[in-house]
1. Quickly rank 171-182, 88-99 as a protection proxy: mean count of other C-beta atoms within 10 Å, highest first.
2. Can I get the semi-axes of segment 83-131's equivalent ellipsoid? Compute them from the C-alpha gyration tensor as square roots of 5 times the eigenvalues, in angstrom, largest first.
3. I need the peptides 20-28, 101-109 ranked by packing, meaning the mean over residues of other C-beta atoms within 10 angstrom, with the highest value on top.
4. If I model a spin label at Glu49 and Glu184 as a point 7 Å from the Cα along the Cα→Cβ vector, what separation in nanometres do I get?
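Values in this text are rule-based calculations from the coordinates and carry no lab data. Just so it is clear, the structure is predicted and the values come from calculations on it, not from any experiment. Reconstructed Cβ throughout: ideal geometry from the backbone, glycine too, with neighbour counts over all protein chains shown.
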Amino acid sequence: MPDAPLPVDRDAFESAALGLREQGWWIGRDALDRELVDELRADLQELMEADRLHRAGIGREQDYHLDRDIRSDRVFWLTRRRPAQARFLERMEQLRLSLNRELFLGLFEFEAHYAHYPPGGLYRKHLDSFRGAANRIVSAVTYLTESWQPGDGGELVVYSEDGETVSATIEPRAGTFVMFLSEEIPHEVLTSRTDRTSIAGWFRLNTSIGGTIDPAR
Ligand code: OGA
Ligand code: MN
């Protein structure tokens with residue numbers, strides 16, 4: 001059941017297309033409205049309490065495996081069935097359209113999951129798009145961790161395209177929103193010392209046209 005359209009805050013994501021074009025990544029502090037971030041955190045909390053999250057995998061199809069040493073989050077794929085998720089997906093739909101308008105990326109859809117990294121959790125340096133299968137084009141991470149403190153760990157490290165230099169180290173504080181080019185920007189989640197919660201999402205091309213149905217969820 002779609003909610004009423006949200007008022008669009010034109011400014012919050014205004015520099016996003018420019019950031020993606022010029023440097024391959026962009027940080028929006030408080031780009032999403034606070035109320036929505038709080039709703040999402042509460043929604044995720046409910047799902048965690050009901051034990052609805054499951055182990056995340058790495059890679060797709062024949063590459064797919066579970067490896068706690070590489071990636072240790074548990075995930076829940078978003079749908080429009082729960083109101084907080086529907087509102088978030090609607091917001092991302094507006095962002096998809098604006099990125100397409102400004103960057104001519106032809107982004108076709110957005111998929112996302114909640115992620116919970118328990119203490120000790122991490123995700124080693126990786127790219128979000130695999131083997132030239134141009135599926136995920138722009139990655140978007142929304143942080144939900146309340147009262148994150150220096151020393152809590154779980155920062156996102158964004159590297160230069162060659163993976164040699166650190167471009168940014170991002171504190172996973174609730175309200176922070178990050179986007180980067182999925183095929184080009186290596187990144188890593190440092191070991192978290194607390195419960196770290198976020199939404200990892202991807203703007204994608206319509207890969208089912210290419211003959212391979214893509215999501216290996
Ligand atoms: C991912 C990822 C980054 C983060 O899920 O692919 O890189 O900061 N997440 O949670
Ligand atoms: Mn990633």
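1. 171-182, 88-99
2. 26, 18, 8
3. The packing order, highest mean first, is 20-28, 101-109.
4. Computed distance between label sites Glu49 and Glu184 equals 4.4 nm.
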